[in-house]
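Report on one structure; see the data block that follows.
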Amino acid sequence: MPRQVLEDTLTADSIAADTALAASGDATAFERLYRTHVARIHTLVRRMLDADEADDVTQDVFIRAWQKLSTFRGESAFGTWLHRLAVNVVLARRKSVGVERGRFIAADDPLDDVSSKPVTLELSMDFEEALARLPEGARQVFVLHDVEGYRHEEIARMLGVVPGTSKSQLHHARMALRRHLDR
Amino acid sequence: MNDIWTNRLSEYLDGELGNDERVALEAHLATCGQCYAILGELRQVVTLAKALEDREPPNDLWAGIRAGITADAARLTPGRRPGVSGSRRFSLTVPQLLAASIALVLLSGGGVWMALRPTSVADKRERTTITSVAWTSPTDVAVAELQDALARNESRLDTATVRVVRQNLAVIDRAIAEARVALERDPGNTYLNLHLANTMRRKVELLRRVNALAAES
C-alpha cells in the first residue's frame, strides 16, 4: 500500500472512530473532529456569506453537527456529511436574515473597487477578495459549482431555482471574475 | 463580446452544450478572436477556483462550540451522552501508551462482561445503531501495514522495548478478539462497538508511535 494511501486510510479510520465516540457524547473526540474539519467549513462559510459572519455560523454548524450526530449513519464520510450540513446552515441563514438573493450582476461592475494586480503568487488571495465582492446569488452558485463541485441540478434544488438560473448565475460570476483578472 | 455565443461559453466550458450547439460554437470560436480570448480567461477562472485552498479561521472557535455543546448536553436526559463535560485531552508518550494498553486489557475483560450481561429494556432503548462495519476493514489493513513496518524496524529498538511492545500488542489483540466475538452475538451493542473502536485506535496509535520511535533510533 502506498504511503499516502496508508495515511489516508489511517486518517479516515481515525475520523470514523472519533465520529462514533463523539456520537456517544465524547466531547474530546468531537474536538478532534472539529480541528480536522474547521478550516474547510470556515472557508466554505466565509466564501458563501460575509466574512464577519463566518465565525458565528461556523460555530453554529459544529453545534448542530453535535446535536445531529446520532442521525449520522456512516453512509457517507463524516466530512461529506458535515459539509452538506454546513451548506444547509448557510442557506437557511440566507433565508432567515431575508437577504436579497437571486440577483444577477448588475450593469455596474461589483468588482470595480477591487485592487487589481497581475498574475502573481498573491493571485489566489486577490481572487478570494474578488469572489467576496460578487453579488450573493452569483457568489453562492460559483462557490457551490466551481469550488465545491456541486452540479447545477443539485444547486438548483438547494437554492429553490431552476437549473437554467444556476447556469446563468455561474456564467455572470465567471465573467465578473474574468474582468478582474483581465486588468 | 456581446455576440450570441458569449453567454454560452461557460456551458461550453462545462461540456453542457448539445452536439449541434457545440459544433456551431467551435466554428464560431475559429473566427472570433474575442470569444476565443474570453473562453481562455473563463478557463483560467475555473482553474483558480479549483486551486483555492482552505484557511484556518483567525480565531480558535472551539471554546464557543464547547460552551454550546455543554449547554446542549445539560438539556438532554442524564446518561444519554455520558462524558460530555468531563473529558480531557491527553497526549501520551510511548511508555504511557504501553502502560495504558495494559490498563486497557485489564479493563477489557470486565468491559465485555458488562456489555454482555443481561440488559434492561431501558438500557436497550439507549442504544444507537453505530456499528463497526464501516471502519474495521480499513483499520485491519492499516494495522497490518504498521505491523509489517514494525517487523522491519524493530531491530533498531532495544530488546526490552521490543518484548514489552510484543506483549502489549498480544494482549490488545486478545481484547480486540474478545470484543469481536461479543459483537457477533450482539452487533448493535453501542458499548461494544465503541470499545472495539477505542481499542483499535489505541493499537494504531501504539504501532505508529513505536514505528516513529524506531525510525528515530
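Annotations for the structure displayed:
- Every pair of residues 6+ apart whose Cβ atoms lie under 9 Å, when the first sits in segment B:37-56 and is in a loop (DSSP other than H, G, I, E, B) while the second is among the small types (G, A, S) and surrounded by 13 or more Cβ atoms within 10 Å (Cβ to Cβ): B:L52/A:S124; B:E53/A:A39; B:E53/A:S124; B:D54/A:A39; B:R55/A:A39; B:E56/A:A39
- The listed residues are A:A173, A:A77, and the only one of them that is among the hydrophobic types (A, V, I, L, M, F, W, C) and modelled with pLDDT under 95 turns out to be A:A77.
- Some residue of segment A:128-148 being within 14 Å of chain B (Cβ to nearest Cβ), at pLDDT below 95 and more than 25 Å from A:H42 (Cβ to Cβ): no
- Against the numbered list (1) modelled with pLDDT under 95; (2) of a type outside the set (S, T, N, Q); (3) surrounded by 11 or more Cβ atoms within 10 Å (Cβ to Cβ), B:L9 comes up short only at (1).
- Among the residues listed as A:T19, A:T43, the single one being more than 16 Å from the chain's Cα centre (by Cα) and surrounded by 21 or more Cβ atoms within 10 Å (Cβ to Cβ): A:T19
- Going through (1) within 12 Å of chain A (Cβ to nearest Cβ); (2) closer than 29 Å to A:T71 by Cβ; (3) modelled with pLDDT of 75 or more; (4) in contact with a helix residue (DSSP H, G or I) (Cβ under 6 Å, 6 or more places away or on another chain) one by one, B:E205 falls short only on (4).
- Restricting segment B:6-42 to residues that are within 13 Å of chain A (Cβ to nearest Cβ) and of a type in the set (A, V, I, L, M, F, W, C) leaves a set whose member that is farthest from A:L181 (Cα to Cα) is B:L17.
- For the condition in contact with a helix residue (DSSP H, G or I) (Cβ under 8 Å, 6 or more places away or on another chain), surrounded by fewer than 20 Cβ atoms within 10 Å (Cβ to Cβ) and hydrophobic (A, V, I, L, M, F, W, C), B:A149 qualifies.
- Pair list, Cβ < 8 Å and 6+ apart or interchain, from segment A:43-58 residues that are in the same structural domain as A:A92 (by TED's automatic domain parsing) and closer than 17 Å to A:G137 by Cα to residues that are in a helix (DSSP H, G or I) and polar (S, T, N, Q): A:V45/A:T58; A:M48/A:Q140
- Taken over segment B:164-189, the criterion of being of a type in the set (S, T, N, Q) and surrounded by 18 or more Cβ atoms within 10 Å (Cβ to Cβ) is satisfied by B:N168, B:N189.
- Of all residues in segment B:178-205, those that are among the charged types (D, E, K, R) and part of a loop (DSSP other than H, G, I, E, B) total 1.
- For segment A:31-67, a residue qualifies if it is touching a Phe, Trp or Tyr at 6+ places or on another chain (Cβ under 8 Å), facing another protein chain (nearest Cβ under 7 Å) and not acidic (D, E), and the qualifying residues are A:Y34, A:V38, A:F62, A:W66.
- Among the residues of segment A:37-73, those identified as within 25 Å of A:L131 (Cβ to Cβ) and among the β-branched types (V, I, T) are A:V38, A:I41, A:T43, A:V45, A:V57, A:T58, A:V61.
The values are calculated or read from the model by the stated rules, or taken from the named source; none is laboratory data. As the structure is a computational prediction, the values presented were derived from the model and not from experiment. Note that we place each Cβ from the backbone using ideal geometry, even for glycine, and neighbour counts take in every protein chain shown.
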